[in-house]
Amino acid sequence: MATIVKEIQINANADRVWSALADFGALHTRLTTGFVTDTKLQDEGQTRIVTFSNGSIAKEILVGLDDERRRIAYSIKDSEQITQHSASAQIFADEPNKCRFVWTADVLPDAIVPYMSEQMDLGAACIKQTLEAAKD
């Protein structure tokens, strides 16, 4: 199993960034505007169906949400290309208006890793752009 880690600095307050990240159903409006085009919640908010700008769709299950650590964990289920996926994202305050966004995913099969890594790069760039453009 491969582990992919992406870390970016965001010029925004960590609490505001966490608020957007923790809003499980608002991925397309608060966190990844343009990269994700739609998010639909199911199962009382524990599952989201995510539609990406490239047309792919993922069913993501909320595994954990930790406000104190500003950490979310989720997994992708029911994918034809991915046999195992677990991921987390965590926000670390660096300064009053700067934070680090650390996104980690463990995936199988290994053949999907280049695609997933590229998508995470695109997603991370979009997250940075979306959050830095948002008003406090």
Residues being in contact (Cβ under 8 Å) with a residue 24 or more places away in the chain and assigned to a strand (DSSP E or B): count how many of those fall in region 89-101.
-> 9
Over region 63-85, the set of residues under 19 Å from Thr39 (Cα atoms), in contact with an Asp or Glu (Cβ under 9 Å, 6 or more places away or on another chain) and either aliphatic (A, V, I, L, M) or open to solvent by 30 Å² or more (accessible area, probe 1.4 Å) (or both) is Ile72, Ala73, Ile76, Lys77
Across region 34-60, what is the total count of residues that are charged (D, E, K, R) and in contact (Cβ under 8 Å) with a residue 24 or more places away in the chain?
-> 1
What residue, among those in region 11-35 that are touching a Lys or Arg at 6+ places or on another chain (Cβ under 6 Å) and part of a helix (DSSP H, G or I), is surrounded by the most Cβ atoms within 10 Å (Cβ to Cβ)?
-> Trp18
Within region 42-58, can you find the residues that are surrounded by 16 or more Cβ atoms within 10 Å (Cβ to Cβ) and either out of contact with any Leu (no Cβ under 8 Å at 6 or more places or on another chain) or part of a loop (DSSP other than H, G, I, E, B) (or both)?
-> Thr51, Phe52, Ala58
Going through region 64-84 one residue at a time, which ones are of a type outside the set (Asp, Glu), more than 13 Å from the chain's Cα centre (by Cα) and under 19 Å from Met116 (Cβ atoms)?
-> Lys77, Ser79, Gln81, Ile82, Thr83, Gln84
Do we have any residue at all in region 102-110 that's of a type outside the set (A, V, I, L, M), assigned to a helix (DSSP H, G or I) and farther than 17 Å from Ala134 by Cα?
-> yes
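The values are calculated or read from the model by the stated rules, or taken from the named source; none is laboratory data. Bear in mind the structure is a predicted one, so any value in this text is a computation, not a measurement. Here Cβ is always computed from backbone atoms with ideal geometry, including for glycine, and neighbour counts include all displayed protein chains. Ligands, DNA and RNA are excluded from the accessible area calculation, which covers all protein heavy atoms including side chains. Shrake-Rupley method; radii C 1.70, N 1.55, O 1.52, S 1.80 Å.
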